[in-house]
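The values are calculated or read from the model by the stated rules, or taken from the named source; none is laboratory data. No experiment lies behind these values; they were computed from the predicted model shown. Here the Cβ is made from the backbone with ideal geometry for all residues, glycine too, and neighbour counts use every protein chain on show. In case anyone asks, the SASA skips ligands and DNA or RNA and just uses the protein heavy atoms, side chains included. Shrake-Rupley method; radii C 1.70, N 1.55, O 1.52, S 1.80 Å.
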Amino acid sequence: MYGATIGKLGILNIDATTNQACCACYKYWINQKYLFFFLLAWRPQFIQMGGGGAQPNISKEKIEETYIPCPPANEQLRIERQIEFIFELLNKVDVSKNDIEKTVVKTKSKILELALQGKLVPQDSADEPAADMLRRINPKAKIITDNPHYPQLPDNWVYVSIADINSYSPRNINPSQSPDEKFELYSVPVFSKGEPEYITGKEIGSTKQTVSEDDILLCKINPHLNRVWIVGNKMNNTKIASSEWIIVRSKSLYAPYAKYYFSCPSFRQLLCSQVSGVGGSLTRAQPAIVKQYLVPIPPIGEQKRIVAKIEELIDYINLIQISLD
């Protein structure tokens with residue numbers, strides 16, 4: 001009857017004593033479970049009836065003065081059984097919902113894996129082969145069509161190292177030297193918000209690296225957290241990123257395709273398997289190693305079809321999650 005426990009109740013299966021904070025119901029002439037379910041349903045009203053300041057309470061008299069609808073004995077029993085049936089059903093739904101949510105996570109991962117193995121959309125012979133595209137963009141790129149440590153690729157796909165497709169050249173900038181200029185800052189702490197910070201140079205206390213629209217930012221700190229970001233172009237400010245990002249800029253990669261690949265389970269597993277530091281919160285991916293990782297490159301047209309299909313399927317799965325909620 002006191003504080004946060006107002007209205008909490010239970011059925012005793014043993015002889016017991018209570019203090020003045022509990023109101024015991026005994027020697028009643030109605031079905032026990034029916035009374036229990038009525039008191040459970042009436043709890044919000046008991047809470048509203050509580051008086052007092054920091055320690056609200058409800059008096060025994062108020063509880064005793066509460067009217068209870070009293071159907072015939074057989075109907076009380078039917079009501080009790082129906083409520084228990086519904087509660088059991090709800091518990092099963094709860095378990096099923098948890099199972100479905102786990103399946104949703106696995107399904108999203110499976111979609112990415114199938115997409116990035118060329119098994120989600122059909123190949124188109126009219127597309128320029130990835131090897132031809134890469135030779136045109138970077139004649140020195142080491143093109144690999146088969147690797148025993150990676151999945152077999154479809155026709156017109158190739159593997160190539162991140163180093164051979166990354167044209168980004170780091171350029172540092174000290175924003176504090178332009179104190180009144182507003183920058184578009186991609187920092188790790190705001191990643192979860194999905195939006196960069198728009199702040200002036202005088203508010204930025206360390207050197208950053210410049211980035212451009214469609215650059216891929218791959219977070220090297222705590223890589224198990226799976227943070228991959230595409231630099232946008234929402235505002236026409238100088239775009240900068242903290243040093244905790246590995247930056248990939250490539251003419252041979254459609255940015256959303258690259259994001260999905262760097263987010264897929266197989267790549268994350270590889271990234272997390274070769275880190276420096278100790279402990280989950282202190283580990284870092286090593287850029288010198290990461291740049292040697294191979295990326296499966298489809299023709300650019302197929303990259304776009306893959307992204308469209310992934311997003312179509314994930315949108316559908318998200319609708320299922322919303323309906324569960």
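Confirm whether R284 is buried (at least 18 other Cβ atoms within 10 Å of the Cβ) and either of a type in the set (D, E, K, R) or more than 25 Å from E101 (Cα to Cα) (or both). So R284 fails the test. Of all the criteria given as (1) out of contact with any helix residue (DSSP H, G or I) (no Cβ under 9 Å at 6 or more places or on another chain); (2) open to solvent by less than 70 Å² (accessible area, probe 1.4 Å), the one not satisfied by I300 is (1).
Within the range 90-134, the only residue that satisfies the criterion of being surrounded by fewer than 16 Cβ atoms within 10 Å (Cβ to Cβ), of a type in the set (A, V, I, L, M) and part of a loop (DSSP other than H, G, I, E, B) is A126.
Within the range 135-150, one or more residues are in contact (Cβ under 8 Å) with a residue 40 or more places away in the chain, within 23 Å of F267 (Cα to Cα), assigned to a loop (DSSP other than H, G, I, E, B) and open to solvent by less than 40 Å² (accessible area, probe 1.4 Å). In the range 223-239, the residue that is most open to solvent (accessible area, probe 1.4 Å) out of those that are under 25 Å from S252 (Cβ atoms), touching a Cys at 6+ places or on another chain (Cβ under 9 Å) and not charged (D, E, K, R) is N226.
Candidates in the range 249-277 are the residues that are over 16 Å from K304 (Cα atoms) and of a type in the set (K, R); of these, the one that is most open to solvent (accessible area, probe 1.4 Å) is R249. Within the range 151-168, the set of residues being hydroxyl-bearing (S, T, Y) and either open to solvent by less than 20 Å² (accessible area, probe 1.4 Å) or not in a loop (DSSP other than H, G, I, E, B) (or both) comprises Y159, S161. Scoring S276 on the criteria (1) in contact (Cβ under 8 Å) with a residue 12 or more places away in the chain; (2) within 30 Å of K140 (Cβ to Cβ); (3) among the hydroxyl-bearing types (S, T, Y) leaves a single failure, condition (1).
Taking the criterion of being surrounded by 14 or more Cβ atoms within 10 Å (Cβ to Cβ), small (G, A, S) and under 24 Å from L271 (Cα atoms), the only residue of the range 186-222 that qualifies is S187.
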